[in-house]
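Read the structure below first, then the notes.
The values are calculated or read from the model by the stated rules, or taken from the named source; none is laboratory data. These numbers were taken from a predicted model, which means no experiment stands behind them. Every residue, glycine among them, receives a Cβ derived from its backbone with ideal geometry; neighbour counts consider all protein chains shown.
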Amino acid sequence: MRMSENSILHLLNAHWRDALEISLIWLALYQIWLRLRETRGIRILTGVAMGAIFVLLISELLHLPVLDWLLRNIAALSLFALIVIFQPELRRLAASLGNNRLFTNAQQNRETVEILSELTFELANREFGALIAIERDVPLDAWAASGVDLDSKLSPELVVSIFHPKTPLHDGGLVLRQDRLVAGACIFPVTDRTDLDRNMGLRHRAALGLAEETDAIVIVVSEETGVISLCRGAEIERGFDPSTFRARLNELLSTTADDDEN
C-alpha cells in the first residue's frame, strides 16, 4: 500500500506540469470552439481537418514519407489561411476579451428596453422602415464611422424622426450604445445567405450581416409590412407583439455573447 501511494505521488510530482499544460491547451481550444462553432468558417475548418487527418493516417500506414513531409509543411501555411477565413470571428473574440460587458446597470437596461419597445412599435404602426443595431461586448465603431455622428440620448421621438422617409438619415442603420445614439445612416455588412425568405429585403440582409460578424442585437422594421424582426448571430426572429418583443429583447440584452452560445 505504501509503495502504491509513493508511486502515485512520484507520478504526480513528475508529470503535474504536463497535466496542467494539457488542461490549459484543452480549455483554450474548447473556448475557441464555443465561439466559432456556429460560424460558416467552422464547416470549412472541420472538412479540411478531417481530410488532413485521413491523408496523414494513410501516409503513416503506408509509409509515404514525401506525402507526410508535404502535409506537415502545409499545416504551417494553413495557419495563415485560417486567419483569413476566421477574420470576423477573431476580431469579435479579441474585442470581447478587451471590453467590459455593457448594459451592466439593470435599471438602465430595463429603461432602454422600454424605450426601444415603444419606439419600435411606433415605427411599425407608421410603417417606417428601420434598422437599429444595439452594441454589446463587440464595439461597432467601424460601422458607426460609416454614418453620421449623433451622440444623443435615446428617445422615441428622435428615433422615429430619424427613420421618417423624408429625412436624410432614414436610409441606413442606427447604432445604439447603452442609452446613447452613436450614429445614423450607417452602412452595415450584408449577409450572403441564400436561404432567406424572398420577402426580406436589404434591411434584413444588412441586419443579419452585422449580427453574423458581431454580437450585436439588431432590430428591423419592414417598411412594406411593418413586421418587426430581431437578428442575433445567424438567427432571425419574427412575429412579435409588444409584450413578447419586450420580454425577448430584455432576455437578449441581459445575457452576454458567451451565454448565448452556451
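Answer with yes or no whether residue 196 is out of contact with any Leu (no Cβ under 7 Å at 6 or more places or on another chain) and assigned to a loop (DSSP other than H, G, I, E, B). Answer is yes for this residue.
Yes/no per residue for (1) within 22 Å of residue 139 (Cβ to Cβ); (2) modelled with pLDDT of 90 or more:
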| site | (1), (2) |
| --- | --- |
| 200 | no, no |
| 211 | yes, yes |
| 224 | no, no |
| 237 | no, yes |
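Taken over segment 179-188, the criterion of being surrounded by fewer than 22 Cβ atoms within 10 Å (Cβ to Cβ) and either touching a Leu at 6+ places or on another chain (Cβ under 6 Å) or part of a strand (DSSP E or B) (or both) is satisfied by 179, 180, 181, 185.
Conditions (1) surrounded by fewer than 23 Cβ atoms within 10 Å (Cβ to Cβ); (2) touching a helix residue (DSSP H, G or I) at 6+ places or on another chain (Cβ under 7 Å); (3) without any contact (Cβ under 8 Å) to a residue 24 or more places away in the chain; (4) closer than 27 Å to residue 254 by Cβ, marked per residue:
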site: 157; (1), (2), (3), (4): yes, no, yes, yes
site: 163; (1), (2), (3), (4): no, yes, no, yes
site: 167; (1), (2), (3), (4): yes, yes, yes, no
site: 207; (1), (2), (3), (4): no, no, no, yes
site: 219; (1), (2), (3), (4): no, yes, no, yes
site: 231; (1), (2), (3), (4): no, yes, no, yes
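Of the helices (runs of 4 or more DSSP H) lying entirely inside segment 52-146, those carrying at least 2 residues that are assigned by TED's automatic domain parsing to the domain that holds residue 182 and at pLDDT 90 or above are 106-126, 141-144. When segment 194-205 is filtered for residues that are of a type in the set (D, E, K, R) and surrounded by 14 or more Cβ atoms within 10 Å (Cβ to Cβ), the ones remaining, listed by number, are 203, 205.
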